[in-house]
Amino acid sequence: MASISRPPIAPPMPSVSSISSSTNPLQPSSDQVVVLYVIIAMAVVIFGFWNVPIVRNCINPLKLFTIGWHELCHVIAAILTGGRILKITIDPHVGGATIVEGGHPAFILSAGYIGSTLLGGVFILAGWDTLVAKVLSFVLGIGLIMPLVLVRDKLTIVLTIFYEGLLIGFWFVDHGQALRWYCLFIGVMNILFVIWDVADDRFFHKTNDSDATQFSILYPRIGAHLWATFWIIFQLGVLAAFVILGIYAFKLSKEDMDAQAADFLPT
């Protein structure tokens, strides 16, 4: 008796949601959505901590790292254009200042905000991946110590030791996952530096002018508020670009990140 053959049964069709998530590399995962919300929350917290008296002292070492890198970018640009450094000020309360003789003024001024933005963007990427955070933790560890060459405030020195200890301790929290949020905080602080800089100058009247004010002095026909608007839009645009890059490039789950990071100094 001939056997009755059944028609082949097609496998179940994937759902619309699974198709869209697998074919759209820019669709953030649930973990990546958390990072987006944390970035917004950190921006609000930093704005408050940066300016509120007494409370702002708590982040002095992190401010020194941010201001120090900003001023270093001015210094590098001045040297590259043949300028001579006369004086450098790095202070968490009055801001930073680099006095230069010669060089190309527009390039030197632009280097500060551009340098802060790019460094912040790199640290933003650490929020998406543990391995990136581990690598950048060495940059942060060295960067926290370097400004102490110009600082003699005892509280700042003690807080720097605390933040260095925190950085080391985070290597051992959840296989280094905590480093992601530490580096992300530093990234937000740097990539939005123009906001803190302008707010200090405009509302809190710090001793050293913001770079936006310096641009208005260099080009008197354009007001400081227009320069501030330009640089804020620039930094927000770069932030958006690095966020998109992070979502696109780092799709690993927490378990996969732990496994990947374990190959680089496991904890």
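The values are calculated or read from the model by the stated rules, or taken from the named source; none is laboratory data. Values in this document were obtained by computation on a predicted structure and should not be read as measured data. As a convention, Cβ positions derive from the backbone with ideal geometry for all residues, glycine included, and neighbour counts pool all protein chains shown.
Given the conditions (1) aliphatic (A, V, I, L, M); (2) surrounded by fewer than 22 Cβ atoms within 10 Å (Cβ to Cβ); (3) at pLDDT 90 or above, and given that residue 262 satisfies all but one, which numbered condition is not satisfied?
Condition not satisfied by residue 262: (3).
I'd like the residue in the stretch 30-40 that is within 14 Å of the chain's Cα centre (by Cα) and loosely packed, with under 15 Cβ neighbours inside 10 Å and, out of all such residues, is farthest from residue 192 (Cα to Cα).
36
Being within 22 Å of residue 75 (Cβ to Cβ), among the aliphatic types (A, V, I, L, M) and out of contact with any His (no Cβ under 6 Å at 6 or more places or on another chain) narrows it down to one of 173, 198, 188, so name that one.
Unique residue meeting the criteria: 198.
Could you list all residues from the stretch 223-253 that are of a type in the set (Gly, Ala, Ser), within 19 Å of residue 27 (Cβ to Cβ) and at pLDDT 95 or above?
Those that are of a type in the set (Gly, Ala, Ser), within 19 Å of residue 27 (Cβ to Cβ) and at pLDDT 95 or above: 240, 241.
Aliphatic (A, V, I, L, M) and either exposed (fewer than 14 other Cβ atoms within 10 Å of the Cβ) or farther than 30 Å from residue 256 by Cβ (or both): does that describe residue 100?
So residue 100 passes the test.
Collect the residues in the stretch 145-155 that are under 21 Å from the mean Cα position of the chain (by Cα) and either among the acidic types (Asp, Glu) or buried (at least 19 other Cβ atoms within 10 Å of the Cβ) (or both), keeping them in residue-number order.
Within the stretch 145-155, 147 is the sole residue that qualifies.
Name the residues in the stretch 47-61 that are buried (at least 22 other Cβ atoms within 10 Å of the Cβ) and farther than 15 Å from residue 206 by Cα, would you?
Within the stretch 47-61, 60, 61 meet the criteria.
Does residue 64 satisfy being buried (at least 20 other Cβ atoms within 10 Å of the Cβ), closer than 22 Å to residue 124 by Cβ and at pLDDT 90 or above?
Here the answer is yes, as residue 64 does meet what is asked.
Starting from the stretch 132-158, keep only residues that are under 17 Å from residue 70 (Cα atoms), then list their pairs with residues that are surrounded by 17 or more Cβ atoms within 10 Å (Cβ to Cβ) and of a type in the set (S, T, N, Q) whose Cβ atoms are within a distance under 9 Å, requiring at least 6 positions of separation or different chains.
Listed by first residue and then by second, the contacts come to 144/160; 145/160; 147/156; 147/160; 148/156; 148/160; 151/60; 151/160.
Please find, within the stretch 239-267, the residue that is nearest to residue 170 (Cα to Cα) out of those that are part of a helix (DSSP H, G or I) and of a type outside the set (A, V, I, L, M).
258
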